[in-house]
Amino acid sequence: MTKPETTNNTLGQLLAHVRLELRQAEIDGAELDARLLVQHFTGATLTDFVIRSDTEVAPDVTEQVLGAMQRRLAGEPVHRIIGEREFYGLSFKLNADTLEPRPDTEALIGLVLPFLEQRSSEKGFVDLLDMGTGTGAIAVTLLHEIKTARGVAVDIAEGALQAARINAKLAGVSSRLAVLKSDWFGAVRGEYDLIVSNPPYIPAKTVLELDREVKDYDPRRALDGGEDGLNFYRALAKHSGAYLHDNGIVAVEIGAGQADDTEAIFAQYSFRLTSVAEDLAGHKRALSFQR
């Protein structure tokens with residue numbers, strides 16, 4: 001299909017063009033990606049696509065959509081292009097220092113929410129520490145769900161901290177979330193009811209084998225978990241005990257097949273496995289531990 005003219009294009013024509021181009025390039029999820037790109041740059045709603053598809057799109061907006069389409073054809077993930085992604089009903093801004101929040105992490109949210117609710121009902125409040133926060137998706141979501149929760153979001157990357165600040169403000173929880181630049185526990189102080197983390201857990205040699213949408217666009221520092229993918233679980237297991245309140249828990253997201261090894265690592269530091277959550281594919285995706 002030839003490139004449409006930058007004048008006199010309707011919303012329906014532009015969507016059809018982008019969708020066809022992505023399909024012909026065998027882009028996974030071409031239909032959804034096309035809609036997301038057109039929606040983002042035109043401001044169209046789903047209703048607009050149905051009953052106002054003959055609305056004319058301005059030439060400069062058409063150019064923006066076509067430029068975004070070319071980026072998608074080159075392999076850039078659609079959410080990187082539009083600069084945000086939804087997670088647990090909230091929208092999270094992205095940048096080069098952050099991973100995209102992904103549905104698998106909802107298993108971790110579901111695992112810890114009952115604990116936070118119970119702890120909050122007992123104490124009247126609850127304190128959490130999010131290690132390697134990235135966009136802040138975990139900490140922000142938990143504070144949004146638990147109105148009595150307070151949190152500290154830790155990351156080594158300045159861009160990630162900036163994203164976490166923005167996302168906390170957008171979700172209305174910035175007054176209850178502090179962001180801290182720290183190389184893991186280096187600058188952390190205090191004790192917490194929950195230490196939660198979605199750490200890098202991909203073995204170093206596997207990172208280079210990932211799909212280009214991940215290896216070329218996600219920050220490697222947020223992917224690479226060392227030779228066996230377990231380095232950061234070792235750090236969490238070794239140091240978390242010094243920062244936990246009595247009966248506090250550590251909860252982590254893990255890669256598929258890492259449950260047994262992660263449990264063994266935490267057991268070396270007197271932690272016992274207390275709960276497990278699976279992702280939509282049935283893999284053990286989140287674990288919690290208590291001393």
Those trypsin sites (Lys or Arg not before Pro) in segment 39-76 that DSSP places in a loop and that have at most 12 other beta carbons within 10 Å: none
Ranked by how many other beta carbons lie within 10 Å on average, peptides 150-158, 85-93 from highest: 150-158, 85-93
How much of the DSSP beta bridge set in the chain is antiparallel, as a percent to the nearest 5? 45 percent
Before I look further, what does the chain give for accessible area per residue, probe 1.4 Å, in whole square angstrom? 47 Å²
Sequence-separation-based contact order of segment 124-236, relative, with Cα cut under 8 Å and 6+ spacing, percent: 25 percent
How far is helix 30-42 tilted off the main Cα axis of the chain, in degrees rounded to 10, range 0 to 90? 80 degrees
Between 0 and 90°, nearest 10: helix 11-24 axis offset from the chain longest Cα axis: 70 degrees
Quickly estimate the mean residue ellipticity at 222 nm for the chain, helices only: each DSSP H run with n ≥ 4 gives -39500 (n - 2.57), and the total goes over all residues, rounded to 500. -12000 deg cm²/dmol
Derived scalar couplings ³J(HN,Hα) [segment 85-94; Karplus, 6.51 cos²θ - 1.76 cosθ + 1.60; whole Hz; x for Gly, Pro]: 8, 7, 8, 6, x, 10, 9, 10, 6, 10
At a 10 angstrom cut-off on C-beta neighbours, averaged per residue, how do the peptides 94-100, 121-127 rank from highest to lowest? 94-100, 121-127
Would you mind calculating the relative contact order of the chain from Cα pairs under 8 angstrom and at least 6 residues apart, reporting the percent as a whole number? 14 percent
Is the shape of segment 163-291 best called rounded, prolate or oblate, per the rule: a/c under 1.5 gives rounded, else a/b larger than b/c gives prolate, else oblate, with a ≥ b ≥ c the square roots of the Cα gyration tensor eigenvalues? oblate
How many lysine pairs does the chain hold where the Cα atoms are under 26 Å apart and the two sit 8 or more places apart or on different chains? 16
Can you give me the Cα centroid spacing of segment 162-178 and segment 91-115 in angstrom? 14 Å
In whole percent, the fraction of accessible protein surface over the chain that belongs to carbon or sulfur atoms, probe radius 1.4 Å, stands at 48 percent
If you build a Gaussian network model of the chain, linking Cα atoms that sit under 10 Å apart, which residue out of Thr141, Thr62, Thr47 swings the most? Thr47
Taking a ≥ b ≥ c as the square roots of the Cα gyration tensor eigenvalues, with a/c under 1.5 meaning rounded and otherwise prolate when a/b beats b/c, else oblate, which class fits segment 1-127? prolate
Note, ³J(HN,Hα) from phi for segment 67-80, Karplus 6.51, -1.76, 1.60, rounded to Hz, x at Gly and Pro: x, 5, 4, 5, 4, 5, 5, 7, x, 5, x, 4, 6, 5
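The values are calculated or read from the model by the stated rules, or taken from the named source; none is laboratory data. Keep in mind that what you see is a predicted model, and the values were worked out from it rather than measured. Quick reminder, even Gly has a Cβ in these numbers, built from the backbone with ideal geometry, and neighbours come from all protein chains shown. These accessible areas exclude ligands, DNA and RNA; they are computed on the full protein's heavy atoms, side chains included. Shrake-Rupley method; radii C 1.70, N 1.55, O 1.52, S 1.80 Å.
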